[in-house]
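To start, the structure under review is shown below, and the notes come after it.
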There are 2 protein chains.
Amino acid sequence: MAALQVIPIMFYIIGLGLGDYKDITVKGLEIVKKCDDVYLEAYTSILTCGSSALEEYYGRKLIIADRDLVEQGADDILNEAMKKRYCVIDPFGATTHTDLVLRAKEKGVQVQVIHNASILTAVGCCGLQLYSFGETVSIPYWTENWNPDSFFSKACNNYRNKLHTLCLLDIKVKEPTLESLTKKKKEYMPPKFMSVAEASTQVLKIIEKHKKTGETPEINEDTLCVGLARIGAKDQQIVVGSLTKMAEYDLGPPLHSLIIPGPVLHPMEIDYLERFRI
Amino acid sequence: MAALQVIPIMFYIIGLGLGDYKDITVKGLEIVKKCDDVYLEAYTSILTCGSSALEEYYGRKLIIADRDLVEQGADDILNEAMKKRYCVIDPFGATTHTDLVLRAKEKGVQVQVIHNASILTAVGCCGLQLYSFGETVSIPYWTENWNPDSFFSKACNNYRNKLHTLCLLDIKVKEPTLESLTKKKKEYMPPKFMSVAEASTQVLKIIEKHKKTGETPEINEDTLCVGLARIGAKDQQIVVGSLTKMAEYDLGPPLHSLIIPGPVLHPMEIDYLERFRI
């Protein structure tokens, strides 16, 4: 029998990986099994496998905690973390907890990050070279009075610089309903995830607006785009076509991402993308 | 006892992760254990744990294959891959095998990628926001007659756009010696890995050259830089200081990376970086 491994008292942040419960790393799993308390970050709704599948596989009770709770309750947790082993399982790949880590360090609590795959690099599976990506942008859900489009100028800037743009699409989880905002007990809207079709439709509206003012933006309705869905999961999907086509295409359940490749592609990138043509 | 899991006949590309043999994902490890043949990509010299540690932990004989061998021998492997399960373990995170995947698809061989952490996102552990990175650049080793500096204008371009630049540093593995180039049997130079100090020294030389022609590049000797070494491993190191300081600092064994942050940092980025000041 292997010697029982003792993990040090520490605050761990563990990347979950992109697909299902088996996408955690071996090291991450060992720590999850041995920590005194295991938090799972709020975005459970983005899990492709559901939190109960995680609990069963890990053999651990998971404390489902939204980001606010983790960060607001952080002081209590961190005060305990000198004596106990805590870990936070992070569906986004364990790199975005700057605030939490800073506060841990202030209190003298050791932090260890167990890295895992992230959508930021997994998108390389569509065949576009990761080194040719410019700044990543986020496309937010528009509301009646709020139609931000600054991401579009960033994407155009990348395009001018012959770089690809990865567009991360908005996620709304735990949004209080308007009616409940004034009440004591908040009620939440069902989670929603922007699809490639929704994102493309918004981009088309921005292009339309620019054209009305006589501009001709670098990115237009005919620009080649890549739509990605559920990358890393068994049923992942990649499709390639014009922005107009993307606005009509249904890629199924979340999570989706959209890539606007630069204007000049490497021959191998072209060969690769061709296989995913709509 | 859990039911014996059968993995489908397929060509697998499996990310190894950044640290040691336990940084493979649970899914990746299951596949490695069950494949008929397991290739380990050439860059074993960048492994922090050595390939024999991998063999022992996986309980599998690994076929050490450099990239050329994998790609040249690919036809034979792929012809067999309809009947056998092959996997390639990729120290870089399983996203850069475009050519191999294309050839597999041409032959009708199914390919599955098991993603893992990559240095491209793991650098987020220094506290700089991943969304504020521009184009990634590579700093090559200079030779007597070849001093390329195009990466520097890319980094300056990122800087002007208020974006951080991740500089990947050159790796020389399996470089034939000059004398052996004309012989039948190639002899190879010992592997070498560019350090943050070497990279910074080259950047300083480029700045010097620009200054001699009367230019004042955005990035200069006083620009704040982040030096990273062995990210994801137990003894990882992060240091922050001017480019001049980086050129003098010894970060120890490979692999190293250098970040040139943009000119405007978020207050939380500043707080975080301060903790790593030289």
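What to note about this one:
- Of all the criteria given as (1) surrounded by fewer than 21 Cβ atoms within 10 Å (Cβ to Cβ); (2) more than 22 Å from B:SER138 (Cβ to Cβ); (3) among the aromatic types (Phe, Trp, Tyr), the one not satisfied by B:TYR249 is (2).
- Looking across region B:238-255, the residues that are at pLDDT 95 or above and farther than 23 Å from B:ASP271 by Cα come down to B:ALA247, B:GLU248, B:ASP250, B:GLY252.
- Residues in region A:198-215 that are surrounded by fewer than 18 Cβ atoms within 10 Å (Cβ to Cβ) and either in a loop (DSSP other than H, G, I, E, B) or of a type in the set (Gly, Ala, Ser) (or both): A:THR213, A:GLY214, A:GLU215.
- For the residues B:LEU102, B:LEU78, B:LEU120, the requirement of being at the interface with another protein chain (Cβ under 8 Å from one of its Cβ atoms), crowded, with 20+ Cβ neighbours inside 10 Å and either polar (S, T, N, Q) or assigned to a helix (DSSP H, G or I) (or both) singles out B:LEU120.
- Restricting region B:266-278 to residues that are open to solvent by 20 Å² or more (accessible area, probe 1.4 Å) and not in a loop (DSSP other than H, G, I, E, B) leaves a set whose member that is nearest to B:VAL226 (Cα to Cα) is B:ARG277.
- Residue in region A:152-165 that is open to solvent by less than 50 Å² (accessible area, probe 1.4 Å) and more than 20 Å from A:PRO263 (Cα to Cα) present: no
- Residue check, B:VAL203 among the hydrophobic types (A, V, I, L, M, F, W, C), modelled with pLDDT of 95 or more and under 24 Å from the mean Cα position of the chain (by Cα): yes
- Just one of the listed residues (B:LEU130, B:LEU181) is within 11 Å of chain A (Cβ to nearest Cβ) and either more than 29 Å from B:GLN237 (Cα to Cα) or open to solvent by 10 Å² or more (accessible area, probe 1.4 Å) (or both), and it is B:LEU130.
- Filter result for B:ASN147 (without any contact (Cβ under 8 Å) to a residue 60 or more places away in the chain, open to solvent by 30 Å² or more (accessible area, probe 1.4 Å) and closer than 22 Å to B:PHE193 by Cβ): yes
- Of the residues making up region B:136-151, those that are in contact with a Phe, Trp or Tyr (Cβ under 7 Å, 6 or more places away or on another chain) and part of a loop (DSSP other than H, G, I, E, B) number 1.
- Just one of the numbered conditions (1) on the phi < 0 side of the Ramachandran plot; (2) crowded, with 22+ Cβ neighbours inside 10 Å is not true of A:TYR141: (2).
- Of all residues in region B:233-265, those satisfying the criterion of being of a type in the set (S, T, N, Q) and assigned to a strand (DSSP E or B) are B:GLN237, B:SER242, B:SER257.
- Residues in region A:225-237 that are buried (at least 21 other Cβ atoms within 10 Å of the Cβ) and either at pLDDT below 95 or within 12 Å of chain B (Cβ to nearest Cβ) (or both): 2 in all.
- Filter pass, B:GLY19 being modelled with pLDDT under 90, closer than 25 Å to B:LYS192 by Cα, touching a Lys or Arg at 6+ places or on another chain (Cβ under 8 Å) and part of a loop (DSSP other than H, G, I, E, B): yes
- Residue that is nearest to the other protein chains (Cβ to nearest Cβ), among those in region B:24-38 that are over 20 Å from A:GLY19 (Cα atoms) and in a strand (DSSP E or B): B:VAL38
- Residue among B:ALA122, B:ALA117, B:ALA155 that alone is among the small types (Gly, Ala, Ser), in contact with a Gly (Cβ under 7 Å, 6 or more places away or on another chain) and over 16 Å from A:THR136 (Cβ atoms): B:ALA117
- When region B:152-180 is limited to residues that are more than 18 Å from B:LEU120 (Cα to Cα) and under 17 Å from the mean Cα position of the chain (by Cα), the one that is modelled with the lowest pLDDT turns out to be B:LYS174.
- Failed item, numbered, when A:ASP222 is tested on (1) touching a strand residue (DSSP E or B) at 6+ places or on another chain (Cβ under 6 Å); (2) part of a loop (DSSP other than H, G, I, E, B); (3) closer than 19 Å to A:ILE260 by Cβ; (4) open to solvent by less than 60 Å² (accessible area, probe 1.4 Å): (4)
The values are calculated or read from the model by the stated rules, or taken from the named source; none is laboratory data. Given the structure is predicted, the values throughout are model-derived calculations rather than measurements. Neighbour counts run over all protein chains shown; Cβ positions are idealised from the backbone, glycine included. Surface areas here come from the heavy atoms of the whole protein model, side chains and all, with no ligands, DNA or RNA. Shrake-Rupley method; radii C 1.70, N 1.55, O 1.52, S 1.80 Å.
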